[in-house]
Amino acid sequence: MSDTPSPLSRSFTEELWGGIASIFEAILAHPFIRGLTDGTLPEEAFRFYVIQDALYLRDYARALALAAAKAPQEQAIAMFCHHAAGAIEVERQLHESFFRDFGLTEQQVRATPVAPTNLAYTSYLLRVAYAEPFHELVGAVLPCYWIYQEVGTRLATRGSPNPLYRRWIETYGGEEFGRVVREVLQLTDRIAEALTPAQRAAAARHFVTTSRYEWMFWEMGWRMERWPV
Ligand SMILES: Cc1ncc(CO)c(N)n1
Ligand SMILES: Cc1ncsc1CCO
């Protein structure tokens, strides 16, 4: 065992990504994702997804604000505060662009029931945020950033025949979101240096779980999932 990084040693974030390779493949192969670029995604499913995502982003912003509150260093406090505000900003943009086009009011969006998978995902995030230490919360919030960026850049190169879908893709496939994601990945590798193997493993477990929820969120949109009873 050596603490000295060698050219062969992988960073913590590289290790994390290696652990979700099959989940990421499944996301890229999902009919919702394929349908965004080939235009076969029904607009009704897209509309369902975007409304759920607005509801998701409010709770995601809360989780990021809690990460800011738990962060041990000033730089991380400021970064997560900034990203929490950014998530709300993206949520606001959904109202001003997509929901306006759909003819949906603020009240209609707020009155939409949170779908089971969405509630499960945000409840998990907020449970980790309130009950677990900072490094575990970082593991839990990371897939939201990273998977959307990886998906977004791939979708951006493929394009879409549907202008609605092109507009959505631009949010996550662009350079601005890329910078945000690089920032949080650098922070993750920095804090990982001080973590024990057990602490890293705990963070990695959350990372896998929320990556699964990312796949499930697309599936929820594709099926327009509703409460069975
Ligand atoms: C479900 C989900 N995950 C990640 C993002 C990225 O912000 C999002 N908007 N929605
Ligand atoms: C929308 C969003 N998703 C992850 S972080 C974030 C806010 C970036 O500023």
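Among Trp227, Trp222, Trp168, rank each residue by its count of other Cβ atoms within 10 Å, from fewest to most, as a rough exposure measure. Don't skip to the end; give the middle numbers.
Numbers: Trp227 9, Trp222 19, Trp168 22.
Neighbour counts put them in this order, fewest first: Trp227, Trp222, Trp168.
Between Ala21 and Arg154, how many nm apart are label points set 7 Å from Cα along the C-beta direction?
Inter-label distance under the simple model: 1.4 nm.
So how long is each side of the chain along the principal axes, counting just the alpha-carbon atoms, biggest first, in Å?
57, 36, 33
Treat every Asp and Glu Cβ in the chain as -1 and every Lys and Arg Cβ as +1, leave all other atoms uncharged, and give the resulting dipole magnitude about the Cα centre to the nearest 20 debye. The partial results should precede the final answer.
Values: 22 positive and 27 negative charges, 67 e Å.
I would put it at about 320 debye.
Once you keep just the Cα pairs under 8 angstrom separated by 6 or more residues, what percentage relative contact order results for the chain? Each step should come with its number before you reach the end.
Working: 229 pairs, mean separation 75.1, N = 229.
Computed value for the chain: 33 percent relative contact order.
Evaluate the stretch 106-229: find the radius of gyration of its Cα atoms, find its Kirkwood radius, and give the ratio Rg to Rh. Don't jump to the answer; show the numbers that get you there.
Values: Rg = 16.5 Å, Rh = 16.2 Å.
Checking Rg against Rh, the ratio lands at 1.02.
Helix by helix through the chain, keep the DSSP H runs that span 27 Å or more along the axis on Cα and average at least 0.0 on Kyte-Doolittle, and give those back in order. List each step's numbers first, then the result.
Details: long enough: 43-70 (39 Å, 0.18); 74-94 (30 Å, 0.21); 134-158 (36 Å, 0.30); 197-223 (39 Å, -0.64).
The qualifying helices are 43-70, 74-94, 134-158.
Say a paramagnetic label sat at a point 7 Å from the Cα of Ala201, along Cα to Cβ; which residues of the stretch 127-165 have their backbone N under 16 Å from it?
Label zone hits: 136.
Taken together, the values in this text are just the output of simple stated rules run on the coordinates, not laboratory data. A quick note: this is a predicted structure, and the numbers were derived from the prediction, not measured. Cβ sites come from the backbone with ideal geometry, for glycine too, and all protein chains shown count toward neighbours.
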